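The values are calculated or read from the model by the stated rules, or taken from the named source; none is laboratory data. Just so it is clear, the structure is predicted and the values come from calculations on it, not from any experiment. Cβ placement follows ideal geometry from the backbone for every residue including glycine, while neighbour counts extend to all protein chains displayed. The accessibility values were calculated without ligands, DNA or RNA, using every heavy atom of the protein model including side chains. Shrake-Rupley method; radii C 1.70, N 1.55, O 1.52, S 1.80 Å.
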Amino acid sequence: MSERPRLTVLSGPSGVGKSTVVAHMRKAHPEVWLSVSATTRKPRPGEKHGVHYFFVTDEEMDKLIANGELLEWAEFAGNRYGTPRAAVGEHLEAGVPVLLEIDLQGARQVRESMPEAQLVFLAPPSWEELVRRLTGRGTEPPEVIERRLEAAKIELAAEPEFDVTLVNTSVENVARELLALMDDDRD
């Protein structure tokens, strides 16, 4: 019997394709459990409570934070997001591989609260490619894109803090590599 799996955290700069890789991997491997975040933002059309997010009030979020029930949490654009600790623990105890897809700030908090977690950095093939992805959406004003690029530089500089780096040259390859890392863990 293999020992219980470690939590695997996938992080990397905005626009690198984290959610695309995770969606691809989970289509092929639904047994991987993707941690569901709690958030204070309102649901978008089609989002389901408990599936995409746990939608909570500001008061509920305050309580979760105060009681240490979140592995990590952060604030973006006036809303807070966090990873409920209990569900992650339950799945790991049950031998289910757990994947957490979060930003750099969250990954650092997980490193603090669960040092045994495996931190995986998803890097773009090149800076030019990341710029193309961040500007390519064509939906945002230049100052927003400028802010994203500045943030991406800082995020890229954090790569040495991670255990493993995967370069996102192909979604299929990275999804396969990520799964292999999670499997290695259980040998």
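What to note about this one:
- Local net charge near Arg108, Cβ-Cβ under 12 Å (Lys/Arg +1, Asp/Glu -1): -4
- Candidate membrane-span-like segments in the chain, meaning DSSP H helices with Cα atoms spread over at least 24 Å of their own axis and a Kyte-Doolittle mean of 0.5 or above, do not occur, with no membrane implied either way.
- Residues with amide H under 5 Å from that of Tyr53, placed H, sequence gap 5 or more: Lys48
- The magnitude of the dipole of segment 1-75, with charges of +1 and -1 set on the Cβ of Lys/Arg and Asp/Glu and taken from the Cα centre, is near 460 debye.
- Candidates Val51, Val96, Val21: whichever shows maximal mean-square fluctuation once the chain is modelled as a Gaussian network with Cα springs under 10 Å: Val51
- Using a cutoff of 8 angstrom between alpha carbon atoms and counting only pairs six or more residues apart, the relative contact order for the chain works out to 36 percent.
- For Lys18, the aspartates and glutamates whose Cα comes closer than 12 Å to its Cα, not counting residues fewer than 8 places off in the same chain, are Glu101, Asp103.
- Residue-count net charge about His24 - beta-carbon cut-off 14 Å; Lys, Arg +1, Asp, Glu -1: +1
- The chain: most fluctuating residue of Ala157, Ala23, Ala107 per GNM, C-alpha cutoff 10 Å: Ala157
- Placing +1 on the Cβ of every Lys and Arg and -1 on the Cβ of every Asp and Glu, with nothing else charged, gives the chain a dipole about its Cα centre of roughly 620 debye.
- Accessible area of segment 115-177 divided out per residue, in Å², using a probe of 1.4 angstrom: 56 Å²
- Extension gain (nm, one decimal) between Glu90 and Ala66, 0.36 nm per residue minus Cα-Cα: 6.6 nm
- In angstrom, the C-alpha Rg and Dmax of segment 93-154 are 15.5, 47.
- Under a Gaussian network description of the chain, with springs only between Cα atoms under 10 Å, the residue in Val144, Val110, Val171 that fluctuates furthest is Val144.
- Annotation: extensible slack from Glu172 through Glu159 equals 2.5 nm (criterion: 0.36 nm per residue apart, minus Cα-Cα distance).
- Solvent-accessible area of segment 55-187 (1.4 angstrom probe, protein heavy atoms only): carbon and sulfur portion equals 52 percent.
- 1.4 Å probe accessible area per residue over segment 21-68, in Å²: 63 Å²
- For the chain, adding -39500 (n - 2.57) for each run of n ≥ 4 DSSP H residues and dividing by the number of residues yields -13000 deg cm²/dmol at 222 nm.
- For Gln118, nonlocal amide neighbours, meaning residues 5 or more places apart or on other chains whose placed amide H falls under 5 Å from its own, are Leu7, Thr8, Val9.
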